[in-house]
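Take a look at the structure set out below.
The values are calculated or read from the model by the stated rules, or taken from the named source; none is laboratory data. Bear in mind that the values here come from a model prediction, so they are computed numbers and not experimental data. With ideal geometry, Cβ positions are generated from the backbone for all residues, glycine too; neighbour counts draw on all protein chains shown. Each accessible area value is taken on the protein alone, full model and side chains, heavy atoms only, with ligands, DNA and RNA left out. Shrake-Rupley method; radii C 1.70, N 1.55, O 1.52, S 1.80 Å.
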Amino acid sequence: MSALRFGYVAAPLLGALWMVTLAVTVAVAMSFATGEAFRPAMLWSLVWGAIGGAAFLAIRPRRAASALVAVAVVVFIAAGVGPVVVGPDVPALSRGICGLILGIGFAASTFRIMEDLSPGALTRHEFEGAVIRFLTGFGYIFFTAIVLIPFYVMVMTSLKNQSELVMNPLDFSIDLSKGWDLFRSYEELFRDFNFGTYMVNSALISVLTVIITLLFAVPGAYAVARLRFRGRAAFSRSILLIYMVPMIVLALPIYIAFSMTGLRNTFFGIVLIYPVTTIPVALYMLQGYFRGLPSEVEEAGLMDGLTRLAVIWKITLPLSLPALASVSLYVFMIAWNEFLLAFMLLDDPSKFTLTRGIASLNSSEIPRQHLMAGSVVATVPIMVIFLGLERFMTKGLTAGSVKG
Amino acid sequence: MTEITPPKGTGPLARREARLAWGLLLPTITAVSLVVILPLLAIFWISVKPVTLADLRPPEVTMREDLRGNPEVAGDEATLRYRLRNSSQAQPILGVGFTDTLPEGLVIGELPETCVIEAGVLTCEFGDWDPGARETIEIPVIVEQSYFDAGLGPRDDPAVVRGDASNVLTNATFTFENFARIFDGREFWSVLWVTLFYTVFGTIGALVFGLFAALLLNKSFRGQGILRGLYLFPYVAPVIAVAFAWILLFDPFSGSANALLIQMGVTDEAINFFGERPLALITVTVFEIWRYFPLSFLFILARMQSIDNDMYEAADMDGASPFQQFWYLSMPQLLGILSVLFLLRFIWTFNKFDDIFLLTGGNAGTRTLTVNVYEQAFALSNLGAGAAVAVVIFACLLTFSIFFLKFISREEGL
């Protein structure tokens, strides 16, 4: 390790690794955006990255080094010996854009990474600071890429048609001249496959689930959090245990019972089951929050002559609105995304939820842009709700279990 | 003078409080025991029963009745016919019979031996029936004018059919064949091995990636909120949507990932990520990590943000380098949440069904215990064997849970 702690070793090394990261990123991004042939050249990336890293140490002022490196990358890519190799039939424009992005991106970010590196021996702080900055940059790119790519593929596939997809699976460029025709698979989904109904069903079932869950969980959570009774500790533990019973184990007897009582294929049956799967987790989250509320306020209410139930209604609930919001959001998400029970218990297309509807699209006769369009339809509402209320969501999820 | 002693036992106030608590908990307890405890007991029952999917529709007597001979005016002769059949080719039905209120205006001729009429109600008894048995009853009748006036045919008032079929779910036939079957052969061990691989690596992977992502976002900068929201996407999106997106992305014939790999020269021919033996298991494990790193990331980040900053400042003054600060200050603080998360995620990954079911359907060496429940119960339509696998899962889970409870009560002070 200590051999690395010299500016003239660390800078080229980090530069080379960073160039490889960026070259792969730019090549993948350009391929996905244009469908043309971009390929990272590993060896050239290492070489140019090392030279670029060294240049930041050698050349003063650093801004000059930065500009020089940026120009060099553009020129080398145009010449075909750069960190990214471009196919022969790629238009000059894409080639230029690729060079510019990589050049400016590398120059600007390496400028930051190498901030306090100097050619000679480095202190631990300087060296580790540079490594951490490199890792941070790598982490942002890595996580953003792995999260975005599947969703990007999902959305873009839904806007294309089967033959285009088979011809060049990398070509996600969108032909804007088609206008509204781009959304044809969505139109067909709602017209021919009843996705409007599925969406209404899903929304209805999810909202009902949230309401029923709260009706059960709020009093239960209050009792566990505030009231003293024998078996309280055992109870609050067993709540979590219930949540650990796998759904498939329960789904089997439920399927049998529902088949024999005729509850299969009914909304009633689904609304009966969904809340029970969410009550334990809602109860656990809420009781964590209730415990954090000052009990003095409630005691004051009791002294002033309110009954316990009135205290819950008039004092505890208004105080815990944020927690209620996050629990509702979480329960809504579980119900909206639920797949297994809907898949096993619903056979009648007029009663499908969205997830069950998508599962029914998974056949070789239905083109896959419909499958992806269905996935987008199911994903977008929950994403919109989630992004709007993200603050509640993150707080709520961690509220019950994390203590500061 | 009486001595004053502290009250013994529970006073009336405490009792009232406990009563209220149980009252508030009662709805939850009822619902949960109906939908969780009862099915769990049912699983044990079913696992020792030779029950298949077909047994869900118990054998019954099917019956058709009609009036033959097309009577048109009063005085015509006709035949009242009942055709009965045992719907099952495998099981007998005991005590078969039916009663039917006859329509008005039919003069009944000769009755078969098995039937009697009392006050316009026809009752027939056939005794016990073999599998697939049939019976036809024909009764000659003379139609009167009032029959036409009423305008009611024999079908307007359907007959009530009786018959006791033994239901395999409730009778006293037991078998251990289900367990013998699932423990039989190498298949069980391969399923167990796949489950363990998936669970262990899925859990550890999700934790490591979650920790890395949390470290990235544990500082405030512009756009931190957006990135945090973005990194939660895999967890928030419906599993079916992202699973199909992955299947498309990694499709061997027209998937973008393969096209990309070929173009970059990593591989010469398309890789079948979800169809080849060791690779499919690795891919589904990677999917599991991808989908659940956000959850661990969220919990770890919340814990990180609650660590006091002074400590790091003090360490900085003492000359601790960033890596030393992470290893000697952050890690010990995070160890608690990491181990809780490990146990939780371990159990949840062990329980996971949807992901593998959607990605590979349990083929290509990715069949875990939970997928095996579905496979046995629905693909092979042997509900008993499926329940037996579920019992095995439950036993594993119970072991984990005991361990978990011991641990979490220490960790959380519950």
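Return a yes/no flag: does region A:79-96 have any residue that is within 31 Å of the chain's Cα centre (by Cα), under 21 Å from A:F142 (Cβ atoms) and of a type outside the set (S, T, Y). Spell out how you get there, then give the answer.
Going residue by residue through region A:79-96, those that are within 31 Å of the chain's Cα centre (by Cα) are A:83-84, A:94.
Filter once more, keeping what is under 21 Å from A:F142 (Cβ atoms): A:83-84.
Adding the requirement that they be of a type outside the set (S, T, Y) leaves A:83-84.
For region A:79-96, residues within 31 Å of the chain's Cα centre (by Cα), under 21 Å from A:F142 (Cβ atoms) and of a type outside the set (S, T, Y): present.
Count, please, the residues in region B:238-263 that happen to be at the interface with chain A (Cβ under 7 Å from one of its Cβ atoms) and in contact with a helix residue (DSSP H, G or I) (Cβ under 7 Å, 6 or more places away or on another chain).
Pass one, region B:238-263, residues at the interface with chain A (Cβ under 7 Å from one of its Cβ atoms): B:238-242, B:244-246, B:248-249, B:254-256, B:259-260, B:263.
Filter once more, so that each one left must be in contact with a helix residue (DSSP H, G or I) (Cβ under 7 Å, 6 or more places away or on another chain): B:238-242, B:244-246, B:248-249, B:254-256, B:260, B:263.
Residues meeting the conditions: 15.
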- request: Please work out if B:T62 is under 30 Å from B:V107 (Cβ atoms) and either more than 7 Å from chain A (Cβ to nearest Cβ) or at pLDDT below 85 (or both).
  value: yes
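Given the criteria touching a Lys or Arg at 6+ places or on another chain (Cβ under 6 Å) and within 11 Å of chain A (Cβ to nearest Cβ), does B:I337 qualify? Quick ask: steps written out before the conclusion?
On the way: touching a Lys or Arg at 6+ places or on another chain (Cβ under 6 Å): yes; within 11 Å of chain A (Cβ to nearest Cβ): yes.
So B:I337 passes the test.
Only one residue in A:A233, A:A203, A:A225, A:A217 is at pLDDT below 90, out of contact with any Phe, Trp or Tyr (no Cβ under 6 Å at 6 or more places or on another chain) and not polar (S, T, N, Q). Which one? Quick ask: steps written out before the conclusion?
Working: A:A203 fails: at pLDDT below 90; A:A225 fails: out of contact with any Phe, Trp or Tyr (no Cβ under 6 Å at 6 or more places or on another chain); A:A217 fails: at pLDDT below 90.
So the residue among A:A233, A:A203, A:A225, A:A217 that is at pLDDT below 90, out of contact with any Phe, Trp or Tyr (no Cβ under 6 Å at 6 or more places or on another chain) and not polar (S, T, N, Q) is A:A233.
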task: Go over the candidates A:V155, A:V147, A:V200, A:V131 one by one and state the one that is within 13 Å of another protein chain (Cβ to nearest Cβ) and open to solvent by 50 Å² or more (accessible area, probe 1.4 Å).
output: A:V155
- prompt: Condition test on A:I270, is it open to solvent by less than 10 Å² (accessible area, probe 1.4 Å), within 30 Å of A:F352 (Cβ to Cβ) and more than 26 Å from the chain's Cα centre (by Cα)?
  reply: yes
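Tell me, which residue of region B:6-28 that is of a type outside the set (K, R), in a helix (DSSP H, G or I) and open to solvent by 60 Å² or more (accessible area, probe 1.4 Å) is nearest to A:A225 (Cα to Cα)?
From region B:6-28, those of a type outside the set (K, R) are B:6-7, B:9-14, B:17-18, B:20-28; that's our starting set.
Filter again for in a helix (DSSP H, G or I), leaving B:12-14, B:17-18, B:20-28.
Going one step further and asking which of them are open to solvent by 60 Å² or more (accessible area, probe 1.4 Å), we end up with B:12-13, B:22, B:26.
Working: B:P12: 21, B:L13: 18, B:W22: 13, B:L26: 15 Å.
Residue satisfying both the conditions and the ranking: B:W22.
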- line: Scanning region A:352-395 residue by residue, the ones that are under 15 Å from the mean Cα position of the chain (by Cα) and touching a residue at least 12 places away in the same chain (Cβ under 8 Å) total 10
message: Checking the condition open to solvent by 50 Å² or more (accessible area, probe 1.4 Å), without any contact (Cβ under 8 Å) to a residue 40 or more places away in the chain and under 29 Å from B:F353 (Cα atoms), which residue from A:F343, A:F339 passes?
response: A:F343
Residue that is in the same structural domain as B:L196 (by TED's automatic domain parsing) and within 15 Å of the chain's Cα centre (by Cα), where the choices are B:V373, B:V391: B:V373
B:I240 assigned to a helix (DSSP H, G or I), touching a residue at least 12 places away in the same chain (Cβ under 8 Å) and either of a type outside the set (D, E) or open to solvent by 10 Å² or more (accessible area, probe 1.4 Å) (or both): yes
query: For region B:379-394, what are the residues that are within 11 Å of another protein chain (Cβ to nearest Cβ) and more than 20 Å from B:T195 (Cα to Cα)?
result: B:L383, B:G384
message: Suppose we filter region A:1-52 for residues that are away from every other protein chain (no Cβ under 13 Å) and of a type in the set (S, T, N, Q); how many remain?
response: 1
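Does any residue of region A:116-128 turn out to be away from chain B (no Cβ under 12 Å), open to solvent by less than 20 Å² (accessible area, probe 1.4 Å) and outside any helix (DSSP H, G or I)?
Here is the first cut: in region A:116-128, the residues away from chain B (no Cβ under 12 Å) are A:116-121.
Narrowing the set further to residues that are open to solvent by less than 20 Å² (accessible area, probe 1.4 Å) leaves A:117.
Now drop any that are not outside any helix (DSSP H, G or I), which leaves A:117.
Within region A:116-128, one or more residues are away from chain B (no Cβ under 12 Å), open to solvent by less than 20 Å² (accessible area, probe 1.4 Å) and outside any helix (DSSP H, G or I).
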query: Could you list, in sequence order, the residues of region A:346-362 that are open to solvent by less than 10 Å² (accessible area, probe 1.4 Å) and in a helix (DSSP H, G or I)?
result: A:L354, A:T355, A:G357, A:I358, A:L361
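In this structure, does A:I239 turn out to be closer than 29 Å to A:I315 by Cβ and within 31 Å of the chain's Cα centre (by Cα)?
Values: closer than 29 Å to A:I315 by Cβ: yes; within 31 Å of the chain's Cα centre (by Cα): yes.
When the stated conditions are applied, A:I239 passes them.
Among the candidates B:E269, B:E288, single out the residue that is more than 9 Å from every other protein chain (Cβ to nearest Cβ) and either of a type in the set (G, A, S) or buried (at least 16 other Cβ atoms within 10 Å of the Cβ) (or both).
Values: B:E269 fails: either of a type in the set (G, A, S) or buried (at least 16 other Cβ atoms within 10 Å of the Cβ) (or both).
Just one listed residue meets the conditions, B:E288.
Among the residues that make up region B:35-55, is at least one of them outside any loop (DSSP other than H, G, I, E, B), under 30 Å from B:G127 (Cα atoms) and touching an Asp or Glu at 6+ places or on another chain (Cβ under 6 Å)?
So in region B:35-55, the residues outside any loop (DSSP other than H, G, I, E, B) come out as B:35-47, B:53-55.
When the remaining residues are screened for being under 30 Å from B:G127 (Cα atoms), the result is B:53-55.
From what's left, touching an Asp or Glu at 6+ places or on another chain (Cβ under 6 Å): none.
The answer is no; no qualifying residue exists.
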message: For the list (1) at pLDDT 95 or above; (2) open to solvent by 30 Å² or more (accessible area, probe 1.4 Å); (3) more than 10 Å from every other protein chain (Cβ to nearest Cβ), I need the number of the one condition that B:F209 fails.
response: (3)
task: Scan region B:243-267 for residues that are among the hydrophobic types (A, V, I, L, M, F, W, C), under 14 Å from A:R368 (Cβ atoms) and outside any loop (DSSP other than H, G, I, E, B) and jot them down.
output: B:A243, B:F244, B:A245, B:W246, B:I247, B:L248, B:L249
message: Kindly evaluate B:A377 against the criterion of being within 20 Å of A:M344 (Cβ to Cβ) and at pLDDT below 90.
response: yes
field: Yes/no for A:L341 being assigned to a helix (DSSP H, G or I) and modelled with pLDDT of 90 or more
entry: yes
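For region A:236-251, how many residues are more than 7 Å from every other protein chain (Cβ to nearest Cβ) and at pLDDT below 85? I'd like the intermediate steps shown before the answer.
In the first step, residues of region A:236-251 are kept if they are more than 7 Å from every other protein chain (Cβ to nearest Cβ); the result is A:238-240, A:243, A:251.
Subset that is at pLDDT below 85: A:238-240, A:243.
Residues in region A:236-251 being more than 7 Å from every other protein chain (Cβ to nearest Cβ) and at pLDDT below 85: 4 in total.
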query: Looking at region B:212-237, which of its residues are more than 8 Å from every other protein chain (Cβ to nearest Cβ) and in a loop (DSSP other than H, G, I, E, B)?
result: B:N218, B:K219, B:S220, B:F221, B:R222, B:G223
task: Just give me the residues in region B:124-155 being open to solvent by less than 40 Å² (accessible area, probe 1.4 Å) and in a strand (DSSP E or B), in sequence order.
output: B:C124, B:F126, B:G127, B:W129, B:I137, B:I139, B:V141, B:V143
query: Do the conditions hold for B:V340, that is, is it surrounded by 15 or more Cβ atoms within 10 Å (Cβ to Cβ) and outside the structural domain of B:Y292 (by TED's automatic domain parsing)?
result: no
